[in-house]
Amino acid sequence: MSNFYNLPDGIRVTAEGGLRLITLDRPDDLNASTSEMLFAFPRLFSTLAEDPEARVAILTGAGRAFSAGGDMNHFVRTLDDADFARAVQENARRTIHGFIDLPIPIIAAVNGPAVGWGATLATLCDIVLMADDAFMAEPHINIGLVVGDGISVSWPLYTSLLRAKELIFTGDRISARQAVEFGLANRVVAPEQLLDEARALASKLLKQPAQALRETKKLMNLYLHRSAAQMLDATLGRQLAATMSTEHHAIASRFIEQQKRRQAD
């Protein structure tokens, strides 16, 4: 059933027995999250956690992208409205904690670009499968912002600190095969087989004893909890300061003008 958890347009949840398929569903906009979507993520994770029939989830994107991050209107509003920017940071805190606290396993089926917030969504999942033509990138620094909240929590834990610094400092694209090599993904899958592979993996997990699987995930995610306890407050504070900085505003204004010219053409 579409809109299974009464979520806004752009986040579609369907039920297949004990499996919940979560689809980021703005394919014409590369599944970039609107403000409404971003503020709905804590509700998504809390509702999923409270769903007594849910045993495993898959997160994927509609069309040719996983997620290009946040959409342009959201981006512009954070520039123009300081109170809104503060609310965004607090929502990010709830979202990251809700994601880490989710008791059931969630599999990322990364079908295309996973950029910024998209890369956070992918790499906070428990198992990450990537189509061989997909990529990740963390470009916050490129536009005068501080590293993404979830990425500051997870990437230094998954890969080496040296590697994480290089990827975050440069914002370079990370191919699917590089993501596996660096420890940011589990394996590469042919694009046409990606969702079938994710469902096959979900089927294996559905056959595991449910309580033992949940409790084991909680134990494994203690590593992420400790990282979040160390990193999240500092990251969000610096993100807010960067959002309001003249450096970011200058870069963002140029970017917005470029986008307007492209749309006019």
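The values are calculated or read from the model by the stated rules, or taken from the named source; none is laboratory data. Keep in mind that what you see is a predicted model, and the values were worked out from it rather than measured. Positions of Cβ are generated from backbone atoms using ideal geometry, with glycine treated the same way; all protein chains shown enter the neighbour counts. Heavy atoms of the whole protein, side chains included, go into the accessibility calculation; ligands, DNA and RNA do not. Shrake-Rupley method; radii C 1.70, N 1.55, O 1.52, S 1.80 Å.
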Of the residues S245, S227, which is among the polar types (S, T, N, Q) and in contact with a Leu (Cβ under 6 Å, 6 or more places away or on another chain)?
S227
Would you check if there is a residue in segment 154-162 being open to solvent by less than 20 Å² (accessible area, probe 1.4 Å), of a type outside the set (A, V, I, L, M), modelled with pLDDT of 95 or more and touching a Pro at 6+ places or on another chain (Cβ under 8 Å)?
no
State all residues of segment 11-62 that are charged (D, E, K, R) and more than 18 Å from G150 (Cα to Cα); if no residue qualifies, say none.
R12, E16, R20, D25, R26, D28, D29, E36, E50, D51, E53, R55
Members of segment 20-31 that are open to solvent by less than 10 Å² (accessible area, probe 1.4 Å), closer than 20 Å to R55 by Cβ and hydrophobic (A, V, I, L, M, F, W, C):
I22
Going by what's in this entry, would R64 be described as under 19 Å from H225 (Cα atoms) and either in a helix (DSSP H, G or I) or at pLDDT 95 or above (or both)?
no
Check segment 69-87 and report whether any residue there is of a type in the set (A, V, I, L, M, F, W, C) and touching a strand residue (DSSP E or B) at 6+ places or on another chain (Cβ under 9 Å).
no
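Quickly run through segment 62-81 and pick out the residues that are among the β-branched types (V, I, T) and either open to solvent by less than 40 Å² (accessible area, probe 1.4 Å) or touching a Leu at 6+ places or on another chain (Cβ under 7 Å) (or both). Break it down into steps so the answer makes sense when it comes.
At the first step, the residues of segment 62-81 found to be among the β-branched types (V, I, T) are 76, 78.
Answer for segment 62-81, where residues must be among the β-branched types (V, I, T) and either open to solvent by less than 40 Å² (accessible area, probe 1.4 Å) or touching a Leu at 6+ places or on another chain (Cβ under 7 Å) (or both): just T78.
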Across segment 47-61, which residue is nearest to R214 (Cα to Cα) among those that are open to solvent by 20 Å² or more (accessible area, probe 1.4 Å) and part of a helix (DSSP H, G or I)?
A49
What do you reckon, is V128 over 23 Å from Q239 (Cα atoms) and within 13 Å of the chain's Cα centre (by Cα)?
yes
Note down all Cβ pairs under 6 Å where the first residue falls in segment 41-54 and is closer than 18 Å to A92 by Cβ and in contact (Cβ under 8 Å) with a residue 12 or more places away in the chain, the second is small (G, A, S) and open to solvent by 40 Å² or more (accessible area, probe 1.4 Å), and they're at least six residues apart or on different chains.
none
When you go through (1) open to solvent by less than 40 Å² (accessible area, probe 1.4 Å); (2) at pLDDT 95 or above; (3) under 16 Å from the mean Cα position of the chain (by Cα) one by one for V147, which number turns out not to apply?
(2)
Among (1) within 30 Å of A241 (Cα to Cα); (2) in contact with a Gly (Cβ under 8 Å, 6 or more places away or on another chain), I168 falls short only on (2)
Could you please find all residues in segment 97-141 being among the charged types (D, E, K, R) and surrounded by fewer than 24 Cβ atoms within 10 Å (Cβ to Cβ)?
D101, D126, D132, D133
From the set of residues in segment 179-189 that are crowded, with 16+ Cβ neighbours inside 10 Å and in contact (Cβ under 8 Å) with a residue 40 or more places away in the chain, which is farthest from Y158 (Cα to Cα)?
V189
Taking F84, is it open to solvent by 20 Å² or more (accessible area, probe 1.4 Å) and either free of Cβ contacts under 8 Å to residues at least 40 places away in the same chain or in a helix (DSSP H, G or I) (or both)?
no
